[in-house]
Amino acid sequence: MSETVRITTLEGPDAFDAYIARPEGEPKSAIIVIQEIFGVNAGIRRKCDKLAEEGYLALAPDLFWRIERGVELDPDIEPEFQRALSLMGKLNQDAAIRDIEATIGYARTIVETGKVGAVGYCLGGRLAYMTAARTDANATVGYYGVGIDGLLREKDAIAHPLMLHIPTEDGFVDKETQAKMHEGLDDHPKVTLYDYEGLDHGFATEFGKRRNEEAATLADKRTAEFFAKHLA
């Protein structure tokens, strides 16, 4: 069962939309799905639906709402891809983290366990790292997060488990950046990094040309086991 809900910002009185997918019966816990640069599109909604099928309450907040509400773009259509890059450049990421924090708070009012995790992709992978460092999310996963090397100064604030999936041939995250991520995070007691040899950015997308079925299945299996351990 899915619907769109309105969540009030931490500052109020403004509010933003979030896609929400509910499981049958009482949810095990909640997971925030953090969008790519393409908005809360069909692929992100499908991520939520699959998590609901696994027994979680899943919510995907519209993080572009301050720029434009209801953005849905297709990465395989070049003009839409370019528009997505433009939107990413305009996004206030600090404000986006506050919206994620508001979504976490909203989710905690719904699930009996009070446990809330987060999973993000691309831009959302970067925001997932920031969520782990700046909020009290119980467990967080980032897929092909961009620019995390510039956020390593925040690593000491990560108090709950974080998993990062890193494709080694990521066109948006070069080898030097990957090396810095490993150097900065491999010995962190709360962080686990997985490399995916020969894979490019977006390999775990639900739809479109970027998906690699074998790697996506492996990464999603690791993510499912991670959430089962820390959120169930």
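The values are calculated or read from the model by the stated rules, or taken from the named source; none is laboratory data. Please read these numbers as outputs of a predicted model, since none were measured by experiment. A quick note on method: Cβ atoms are made from the backbone with ideal geometry, for glycine too, and the neighbour counts reach across all protein chains shown. SASA here: full protein model, heavy atoms, side chains in, ligands and nucleic acids out. Shrake-Rupley method; radii C 1.70, N 1.55, O 1.52, S 1.80 Å.
Does region 179-193 contain any residue that is open to solvent by 10 Å² or more (accessible area, probe 1.4 Å), touching a Gly at 6+ places or on another chain (Cβ under 8 Å) and assigned to a loop (DSSP other than H, G, I, E, B)?
no
Under 7 Å by Cβ, and 6 or more places apart or on different chains, what pairs join a residue from region 55-75 that is on the phi > 0 side of the Ramachandran plot with one that is open to solvent by 10 Å² or more (accessible area, probe 1.4 Å) and of a type in the set (K, R)?
Between residues of region 55-75 that are on the phi > 0 side of the Ramachandran plot and residues that are open to solvent by 10 Å² or more (accessible area, probe 1.4 Å) and of a type in the set (K, R), the close pairs are G55/K28.
Given the condition among the β-branched types (V, I, T), surrounded by 18 or more Cβ atoms within 10 Å (Cβ to Cβ) and under 13 Å from the mean Cα position of the chain (by Cα), answer yes or no: does some residue in region 18-32 qualify?
Of region 18-32, the ones among the β-branched types (V, I, T) are 20, 31-32.
Checking which are surrounded by 18 or more Cβ atoms within 10 Å (Cβ to Cβ) leaves us with 20, 31-32.
When the remaining residues are screened for being under 13 Å from the mean Cα position of the chain (by Cα), the result is 31-32.
The answer is yes, given that some residue of region 18-32 is among the β-branched types (V, I, T), surrounded by 18 or more Cβ atoms within 10 Å (Cβ to Cβ) and under 13 Å from the mean Cα position of the chain (by Cα).
Scan region 133-167 residue by residue and report those that are within 23 Å of Y56 (Cβ to Cβ), in contact with a Gly (Cβ under 8 Å, 6 or more places away or on another chain) and open to solvent by less than 20 Å² (accessible area, probe 1.4 Å). Let's see the steps before the verdict.
First, pick out the residues of region 133-167 that are within 23 Å of Y56 (Cβ to Cβ): 133-145, 158-165.
Going one step further and asking which of them are in contact with a Gly (Cβ under 8 Å, 6 or more places away or on another chain), we end up with 137-145, 162-165.
If the condition is that a residue be within 23 Å of Y56 (Cβ to Cβ), in contact with a Gly (Cβ under 8 Å, 6 or more places away or on another chain) and open to solvent by less than 20 Å² (accessible area, probe 1.4 Å), then A137, A139, T140, V141, G142, Y143, Y144, G145, L162, M163, L164, H165 are the ones that fit.
Based on this model, can you work out whether E78 counts as over 24 Å from G147 (Cα atoms), loosely packed, with under 15 Cβ neighbours inside 10 Å and out of contact with any strand residue (DSSP E or B) (no Cβ under 7 Å at 6 or more places or on another chain)?
On the way: over 24 Å from G147 (Cα atoms): no; loosely packed, with under 15 Cβ neighbours inside 10 Å: yes; out of contact with any strand residue (DSSP E or B) (no Cβ under 7 Å at 6 or more places or on another chain): yes.
Spelling it out, it is not the case that E78 is over 24 Å from G147 (Cα atoms), loosely packed, with under 15 Cβ neighbours inside 10 Å and out of contact with any strand residue (DSSP E or B) (no Cβ under 7 Å at 6 or more places or on another chain).
Return the residues of region 194-232 that are β-branched (V, I, T) and either touching a residue at least 24 places away in the same chain (Cβ under 8 Å) or surrounded by 14 or more Cβ atoms within 10 Å (Cβ to Cβ) (or both); say none if nothing qualifies.
Keep residues of region 194-232 that are β-branched (V, I, T), which gives 205, 217, 223.
Answer for region 194-232, where residues must be β-branched (V, I, T) and either touching a residue at least 24 places away in the same chain (Cβ under 8 Å) or surrounded by 14 or more Cβ atoms within 10 Å (Cβ to Cβ) (or both): T205, T223.
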